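One structure below.
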Amino acid sequence: FQGRLHDFIEEGMKRGSKYLPMIQNVFRAEGLPLDLAYVPLIESAFKPNALSRTKAKGVWQFMAGTGLENGLRRDWYIDERSDPEKATVAAAKYLRTLSKIFGGDWHLALASYNGGPGRLQRAVKSAGLDNFWDLAEKPKVLPRETREYVPMILAAIVIARNPAQYGFDFETQAAPEFDKVTLPRPVDLRRVAEWTDSTIDEIQALNPELRRWTTPVKDTKYELKVPAGTASVVQARIAGSATTALASLKFYIVKKGETLPLIAKKLHVAKADLAEANYLPATARVTTGQKLMVPHEATV
């Protein structure tokens, strides 16, 4: 980390400085070691939208299934793996589970965070060893990535405790400031940017879990983060706007004999997107007169 990866680690610590107080507060409340707050330095360099080649996502690099098991919602509109706070709460839950599985041994728990608890349990059983360092000496038992993962986390913790001692110099960043507004119906993010005198990029940066130009269509109590001091403006605008004026949504009325694949082809959208945007399984049958929301614009 002091060599080839110096800049990567330094940039990660700088970015992470704005999330650390929140992460440590969550871990303190859950009774977890506070040093585990530095795991995302290795996982994602604290990037909320980091996406691995295996489709793990967010600061904590959750796979979709593991995220779901630990309370993170994912659908066409949102992916809570990208929300640093929600993902941290899920990570605390998951790390505590892993700790229990491995009898409170954090080295094994961390190795299983990387390689999966099932694989670690099989490795412990097949090798007859319950010490990470002994397991790490057996290349056939654990893959290289998992063998190197725990030392990387420990090295990151050592550096993060005293960056200057190891040649790292950066200015810490303040935690993002925002208000939360509960939305009774879907709202176009571009309108929110306009109302708060900010940019669409700023609204998306505050809400990295949002994958689209709109908040979820069926949510009646969606919590949106807005720039600090603007909650009352947004609430007043919503209260004074007609439902149709808040979200730029397009709808299609199903005609007799039409199917999802046929409609998707007709609208030039992917069948999976059309189904997911309407909270339908891809194999769903549609009925004459049914109102479908037409997905448009690229994924955020």
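The values are calculated or read from the model by the stated rules, or taken from the named source; none is laboratory data. Quick caveat: nothing in here was measured; it's all calculated off a predicted structure. Note that each Cβ is placed from the backbone with ideal geometry, even for glycine, and that neighbours are counted across all protein chains shown. SASA here: full protein model, heavy atoms, side chains in, ligands and nucleic acids out. Shrake-Rupley method; radii C 1.70, N 1.55, O 1.52, S 1.80 Å.
Given (1) touching a Pro at 6+ places or on another chain (Cβ under 7 Å); (2) surrounded by 17 or more Cβ atoms within 10 Å (Cβ to Cβ), identify the lone condition not met by Ile101.
Against the list (1) touching a Pro at 6+ places or on another chain (Cβ under 7 Å); (2) surrounded by 17 or more Cβ atoms within 10 Å (Cβ to Cβ), Ile101 comes up short only on (2).
For region 135-143, state whether one or more residues are under 28 Å from the mean Cα position of the chain (by Cα), surrounded by fewer than 18 Cβ atoms within 10 Å (Cβ to Cβ), under 29 Å from Gly3 (Cα atoms) and not aromatic (Phe, Trp, Tyr).
yes
Name the single residue, out of those in region 1-39 being open to solvent by 50 Å² or more (accessible area, probe 1.4 Å) and of a type in the set (S, T, N, Q), that is farthest from Leu98 (Cα to Cα).
Ranking the candidates gives Gln2 first.
What do you reckon, is Pro151 surrounded by 16 or more Cβ atoms within 10 Å (Cβ to Cβ), out of contact with any Cys (no Cβ under 8 Å at 6 or more places or on another chain) and modelled with pLDDT of 95 or more?
Against the criterion (surrounded by 16 or more Cβ atoms within 10 Å (Cβ to Cβ), out of contact with any Cys (no Cβ under 8 Å at 6 or more places or on another chain) and modelled with pLDDT of 95 or more), Pro151 does not qualify.
Return a yes/no flag: does region 147-164 have any residue that is of a type in the set (Ser, Thr, Tyr) and in contact with a helix residue (DSSP H, G or I) (Cβ under 8 Å, 6 or more places away or on another chain).
Taking every residue of region 147-164 in turn, at least one turns out to be of a type in the set (Ser, Thr, Tyr) and in contact with a helix residue (DSSP H, G or I) (Cβ under 8 Å, 6 or more places away or on another chain).
Output yes when any residue across region 106-128 is over 20 Å from the mean Cα position of the chain (by Cα), surrounded by 18 or more Cβ atoms within 10 Å (Cβ to Cβ) and in contact (Cβ under 8 Å) with a residue 60 or more places away in the chain, and no when none is.
Yes, that holds for at least one residue.
Kindly provide the set of residues from region 40-58 that are farther than 22 Å from Ala155 by Cα, assigned to a loop (DSSP other than H, G, I, E, B) and either of a type in the set (D, E, K, R) or open to solvent by 50 Å² or more (accessible area, probe 1.4 Å) (or both), ordered by number.
Asn49, Arg53, Thr54, Lys55
When region 59-98 is examined, which residues are found to be open to solvent by 50 Å² or more (accessible area, probe 1.4 Å) and more than 26 Å from Pro186 (Cβ to Cβ)?
Met63, Glu69, Lys93, Arg96, Thr97
Among all residue pairs at least 6 apart or on different chains, which show Cβ distances below 6 Å where the first residue, located in region 250-263, is closer than 20 Å to Ala282 by Cβ and the second is assigned to a loop (DSSP other than H, G, I, E, B)?
Every condition considered, the pairs that remain are Val254/Val286; Val254/Thr288; Val254/Gln290; Leu260/Val286.
Which condition number in (1) within 22 Å of Ala239 (Cα to Cα); (2) over 22 Å from the mean Cα position of the chain (by Cα) is the one that Phe170 fails?
(1)
Restricting attention to helices (runs of 4 or more DSSP H) lying wholly within region 180-298, give those where 1 or more residues are closer than 27 Å to Lys57 by Cβ, open to solvent by less than 30 Å² (accessible area, probe 1.4 Å) and touching a helix residue (DSSP H, G or I) at 6+ places or on another chain (Cβ under 9 Å).
Output list reads 189-195, 200-206, 260-267, 271-277.
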